[in-house]
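J.: Structure provided below as structure tokens; questions to follow.
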Amino acid sequence: MMNDSKLFPLLCGFLLLLPSITFAKDKPHQTKQISSPTPWLDDADLNAVQFVGTKTGWAVGDRGTIWKTIDGGNHWTLQPAPVKSSLKSLCFLTDKVGWIAGGSTEEFTQLSKGVLLFTSDGGKTWQQPTNMPLPTLYKIKFFTLKHGIAVGAASVKQNSSVYTTSDGGKTWEVIPGEQTSQWRVADFMTSKNGIVAGRQGEIAIVGNGRVLKSNIPGMGRRGLKGVKLNRDFSGWLVGDGGLLLKTKNGGVAWGPLFSKSLPYSVRKIFDFQTVTTYKKHVWVAGQPGSIIWHSADDGLHWQPQKTKQSLPIKSLHFANEQQGWGVGAMGLILKTVDGGKIWKGIKGNGRRAAWMGIYTRPQNLSCSLITQLSGEEGYRSVLLLPMRNKAESESQKNADLDQQWHDAVLRAGGNTGSIGWEFDLSLPEIEQHKAKLIAELQRKNEGEFGQKFIERLVRQIRTWRPSIILLHYQDDKNELDHLLVQAVTKAVQDAADPTQFLLHREIAALSFWKVQHIYLRGRDGHRGSLLVDPSRYLPHLHATNQTIAQPAYGMLAPLRKQTSLREVYAPVSIQNKKTQTVSQNFFAGIFLSQGSSARRMLLPIKRDDLEKQLKLAQKQRNFQGYVERYLDKPKQAAQIISQLNNITRGMSDEQAALQLAQLGNDYLQRNRWELAEATFINLVERYPKQPVTANAMRWLVQFWGSAEATWQRVRSVSVSKKQLASNLDALRERIRRATEHSKKTPLQRLPFDPNASPDPVSIIQQTGGVNGNDGRGLRVHQSKYWQGQAIQLASLMRRTSPQLFETPGVQFSLASLMRQRGNINLSDRYMMHLQNSGKETRWKKMADGEMWLRTFHGEPPQKNVQCKRTKKRPKLDGILSDSCWEDAIAINLSSQKKRDAKNSINRKKQTFTMLSYDGDFLYFAASVPKHSQLTYKKIKEGGRTHDADMRGHDRIRLKIDTDRDYATCYELNIDQRGWTAEKCFGNKKWNPKWYVATKEDATSWRIEAAIPLSELTATPPGRGTVWGVSITRVLPAVGFESWTEKTKSGAETFGHLQFR
């Protein structure tokens, strides 16, 4: 077998081929070696390391860091990259020619954006060889100057997310395969054969032009973090929970390793992240990084190698049996010259976290806190999400939540964000029920949750060694928050006790660690001794806190609700230690100097414009106070619109755009569509290039194109023809100015993608316009005009944010728009574009369903049911004995678990619903068996109001999408008490006048409802009309039942309701 060092002389000859892969369109980025990197680059996590020979090597990591050595790793020099994204993989063929790959989460859209860099001069200059839209790339490997392979995160279009190139990386083709969003590691023996693996035990073989998944049984929740294939078809696979697997046939089959010299307790203490080999030598490492496990005989026997530090190790590389290097968290670089018997810390050795944040849900992450403590004050940090709530995260479409979480922490100024793998919840609202919460956690952890959870927290504390820990506390009813506070307090006590969890020291060489303080964040408005002010000016960052924090929040959600209220923290008592009252100092009594093991050097203060920035910060603070005070008052809220130019005067474009976006979001939070619309138009007109503007564009396109939102607006507004013409002309002019503005300023290069979705404006022009009829009055004219502006704005989005334009949420909206305007052929073009993406997702399935509606040939790709017209209205009494229900088709709801075992379903105990209609009403009925684990309150129809709080109550959720854009819809909820809650495109002010009756007996409860069609649409449905419908039963702390297939997390897909 030829090893990497022997390949070096052969690969040098490849340099003769360099002229054939030059990238003329790209101006190379000239780098200057920096001996004193900025603090944020110096302690950035390093994700990969590679050497060419024994002298020249590179290590790459977060924030675009590229470190190079030419003396065998004794000294490293920073080579700044032309990007700030996290770099995750590298491949150098010679000491001159190499590629680096990575990516990051796009702010406010949460899209994954990949990065690929190429150098032909050892890193003096860097080019970006491709302008194709790629997701974040986790692995890059080249075999010649032209032939390579890359593995990425989930993509909007591509299915397998495994790509090949035959032109040095200029263009990439996806290898067909099954859908996944979980690939994180890979290795390849050739450009056509290898292994890819992922976060939840997923593994696939790449071969014969396909990606074929082959899940290993018994993986549980473990993530696969490292893989190494050798040319003799042997290989190693490592992951969470001390997972260590071996293959002898190129990955076709994997078997666990059994060795008496590798203690079983390794599985309980280590999460392996990297593996490397040299001949029969194998090295494995991960978290904690205090031990590297080494085998000199291909895994038969193992020896622990101490590193004298505990930070996680993310990548290992050996040039021969003796010389090796490791890199990891907080800029760690290790080196050995004796096969690992002695590891020497070259860079970052001894570093630790000054503080640790622990949260129970992603939306609780305080980026403002990270910005203040880490970004401004330099305290190194790690932010943990030890337990994942799948019911929340999957419904929020966070398939890449691990990367989004880490990127948000980085963007705010922190060091590392990590999500645990061992503990998860998947039941709705279970955090509100203490007994059920504990029972579920115990069930998933074989009755040992408490001990396992405490041990995991103690291990994290001893690994990262924080001085303080900060927690979030939501409300008194959230039992999960209670549990975390209790668990962390106990873990802090145990971590400081050398007699607790002795295996940490015996197996992992982890020492006990004493945390000095625990702080708990209370609800906004509560009292506390420590404050985090979002409007505070941070002189070392040259910006206000919220200017830095908002883009970080935007990596987890489009925009979160921001207020001028400060975050308030108070100390928590640790056993035998009294709480101390401190003021504005989280590190009271703890001395951590700049440049120490737990704290960066601070960035310099720009004093030349300090006074100006302080005044601007005060202006923002005053405005936020005004907004918080008056936004709920209609008159004052509307007056803010006229002051938008004054509000943003003096701000940078980024600050101004963020201010407008936040104001628009605040309006949406208060269900003020028109004011949000006006604010977002102002944002698009003035700052079309800013990242936050893309999300405003998406909302406007969906809002203007939504049949549901449009009907609710036009039916309640009286406007003259003159006023309408004036308003529409002004809107047209503002969209035109935004388009012209975008053309005058440099934009990102439009991705070269021959399969890109067409420009909606151009295809309308090519087909000679649309066939809409505007002769039905002012309301019709206004709705058609909004649709036209949505098309214009979508064209602008295609130019400024092409990846967002390609997302299904935008593509379905455009297809619906074309269909509403009477041009079915144009609508079909967008559906065929999604069909041809090759990605087998629920979006493709719905696109297939839309095309099926054109012909009705074959079996429908998605759920489909007929809604029959009734001649006689039902009596709303909850008995369901009317003639319309006798003729109606039952729509059965079931959980995924029951669907997977169809023969076990008891039809008498199954939830079913029915729909019927006449010229005035849509009728809905449901029969719901009571669940033994729920408590049912007595039906109380009197005194009902809209928007009832339904938490804790068994309920049915009906969603109606009249235009089938699958982005906007009506939502009507009815619980077992007969209470209701309604929304239209997220707006809770939609309070339709509808009629509901409920009835119960000892075994079931029933619903009978009549919804006036005038509340839903301008044109009542007739024979042949098709609406999208989703029906879901929510059983608090139990689960979901649904008509459509995806119910595991409550994330709903739509079926078709055909009117007959």
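J.: Of the conditions (1) more than 25 Å from the chain's Cα centre (by Cα); (2) farther than 17 Å from T274 by Cβ; (3) crowded, with 22+ Cβ neighbours inside 10 Å, N320 satisfies every one except a single condition; which number is it?
T.: (3)
J.: In the set P133, P129, P176, which member is in contact (Cβ under 8 Å) with a residue 40 or more places away in the chain, in contact with a Pro (Cβ under 8 Å, 6 or more places away or on another chain) and outside the structural domain of M831 (by TED's automatic domain parsing)?
T.: It is P133.
J.: From the list A981, A1009, pick out the single residue that is surrounded by 21 or more Cβ atoms within 10 Å (Cβ to Cβ), of a type in the set (A, V, I, L, M, F, W, C) and touching a strand residue (DSSP E or B) at 6+ places or on another chain (Cβ under 9 Å).
T.: Within the list A981, A1009, the selection yields A1009.
J.: Okay, moving on. Surrounded by fewer than 19 Cβ atoms within 10 Å (Cβ to Cβ), modelled with pLDDT under 95 and assigned to a loop (DSSP other than H, G, I, E, B) - does that describe any residue in region 951-972?
T.: Looking for residues that are surrounded by fewer than 19 Cβ atoms within 10 Å (Cβ to Cβ), modelled with pLDDT under 95 and assigned to a loop (DSSP other than H, G, I, E, B), one finds at least one in region 951-972, hence yes.
J.: Considering only region 307-422, give the helices (runs of 4 or more DSSP H) lying wholly within it that have at least 2 residues that are under 30 Å from K68 (Cβ atoms) and out of contact with any strand residue (DSSP E or B) (no Cβ under 8 Å at 6 or more places or on another chain).
T.: 401-412
J.: Could you please find all residues in region 456-487 being buried (at least 20 other Cβ atoms within 10 Å of the Cβ) and acidic (D, E)?
T.: Once the filter is applied, which keeps residues that are buried (at least 20 other Cβ atoms within 10 Å of the Cβ) and acidic (D, E), region 456-487 yields only D481.
J.: Any idea which residue in region 171-202 is nearest to I216 (Cα to Cα), counting only those that are of a type in the set (K, R) and modelled with pLDDT of 85 or more?
T.: R184
J.: Here is a list: L675, L603. Which entry is surrounded by 15 or more Cβ atoms within 10 Å (Cβ to Cβ), in a loop (DSSP other than H, G, I, E, B) and at pLDDT 85 or above?
T.: Among L675, L603, only L603 is surrounded by 15 or more Cβ atoms within 10 Å (Cβ to Cβ), in a loop (DSSP other than H, G, I, E, B) and at pLDDT 85 or above.
J.: Within the group T962, T968, T1044, T1019, which residue is without any contact (Cβ under 8 Å) to a residue 12 or more places away in the chain, in the same structural domain as Y923 (by TED's automatic domain parsing) and over 15 Å from A926 (Cβ atoms)?
T.: It is T1019.
J.: Residues that are over 34 Å from the mean Cα position of the chain (by Cα) and surrounded by 14 or more Cβ atoms within 10 Å (Cβ to Cβ): list the helices (runs of 4 or more DSSP H) wholly contained in region 817-899 that include at least 2 such residues.
T.: Per the criteria, 883-887.
J.: Among the residues of region 801-810, is there at least one that is of a type in the set (G, A, S) and surrounded by fewer than 21 Cβ atoms within 10 Å (Cβ to Cβ)?
T.: yes
J.: Checking the structure you have, find out if any residue of region 653-667 is surrounded by fewer than 13 Cβ atoms within 10 Å (Cβ to Cβ) and either of a type in the set (G, A, S) or closer than 20 Å to D947 by Cβ (or both).
T.: No, because not a single residue in region 653-667 is surrounded by fewer than 13 Cβ atoms within 10 Å (Cβ to Cβ) and either of a type in the set (G, A, S) or closer than 20 Å to D947 by Cβ (or both).
J.: Based on this model, can you work out whether T94 counts as in a loop (DSSP other than H, G, I, E, B), in contact (Cβ under 8 Å) with a residue 24 or more places away in the chain and over 28 Å from the mean Cα position of the chain (by Cα)?
T.: So T94 passes the test.
J.: Further, regarding this structure: Checking the structure you have, find out if any residue of region 617-640 is in contact with an Asp or Glu (Cβ under 7 Å, 6 or more places away or on another chain), over 24 Å from P539 (Cα atoms) and in a helix (DSSP H, G or I).
T.: yes
J.: Among the charged types (D, E, K, R), more than 18 Å from G878 (Cα to Cα) and touching a Phe, Trp or Tyr at 6+ places or on another chain (Cβ under 7 Å): does that describe K983?
T.: In short, yes.
J.: So E446 fits all but one of (1) in a loop (DSSP other than H, G, I, E, B); (2) within 27 Å of E567 (Cβ to Cβ); what number is the exception?
T.: (2)
J.: Looking only at region 185-204, decide whether some residue is outside any loop (DSSP other than H, G, I, E, B), outside the structural domain of S112 (by TED's automatic domain parsing), among the charged types (D, E, K, R) and at negative phi.
T.: no
J.: Do you know which residues across region 820-836 are out of contact with any Lys or Arg (no Cβ under 8 Å at 6 or more places or on another chain) and over 12 Å from A794 (Cβ atoms)?
T.: Q820, G822, N823, N825, L826, R829, M831, M832, H833, N836
J.: Might you check whether a residue that is surrounded by 17 or more Cβ atoms within 10 Å (Cβ to Cβ), at pLDDT below 95 and in a loop (DSSP other than H, G, I, E, B) occurs anywhere in region 504-512?
T.: No.
J.: Out of I574, I548, which single residue is surrounded by 17 or more Cβ atoms within 10 Å (Cβ to Cβ), at pLDDT below 85 and not acidic (D, E)?
T.: It is I574.
J.: Looking at (1) in a loop (DSSP other than H, G, I, E, B); (2) in contact (Cβ under 8 Å) with a residue 40 or more places away in the chain, which one does N665 not meet, given that it meets all the others?
T.: N665 satisfies all of (1) in a loop (DSSP other than H, G, I, E, B); (2) in contact (Cβ under 8 Å) with a residue 40 or more places away in the chain except (1).
J.: Then there's this: Consider only pairs whose beta carbons are under 7 Å apart and that are at least six residues apart or on different chains; among these, list those whose first residue lies in region 464-490 and is within 16 Å of P386 (Cα to Cα) and whose second residue is in a helix (DSSP H, G or I) and aromatic (F, W, Y).
T.: A487/F453
J.: Is it the case that Q594 is under 26 Å from A354 (Cα atoms), part of a loop (DSSP other than H, G, I, E, B), modelled with pLDDT under 90 and out of contact with any Ser or Thr (no Cβ under 6 Å at 6 or more places or on another chain)?
T.: Considered against the rule, which asks whether it is under 26 Å from A354 (Cα atoms), part of a loop (DSSP other than H, G, I, E, B), modelled with pLDDT under 90 and out of contact with any Ser or Thr (no Cβ under 6 Å at 6 or more places or on another chain), Q594 comes out as no.
J.: Could you tell me whether I313 is closer than 30 Å to I205 by Cα, among the aliphatic types (A, V, I, L, M) and modelled with pLDDT of 95 or more?
T.: Yes, satisfied.
J.: Restricting attention to region 255-282, which residues are closer than 21 Å to L503 by Cα, of a type in the set (F, W, Y) and assigned to a strand (DSSP E or B)?
T.: Result: F272, single match.
J.: Checking D920 against (1) buried (at least 17 other Cβ atoms within 10 Å of the Cβ); (2) out of contact with any Cys (no Cβ under 9 Å at 6 or more places or on another chain); (3) modelled with pLDDT of 95 or more; (4) charged (D, E, K, R), only one condition comes out false. Which one?
T.: Status for D920: all satisfied but (1).
J.: Would you be able to tell me the number of residues in region 678-704 that are under 13 Å from L660 (Cβ atoms) and not in a helix (DSSP H, G or I)?
T.: 3
The values are calculated or read from the model by the stated rules, or taken from the named source; none is laboratory data. Quick caveat: nothing in here was measured; it's all calculated off a predicted structure. With ideal geometry, Cβ positions are generated from the backbone for all residues, glycine too; neighbour counts draw on all protein chains shown.
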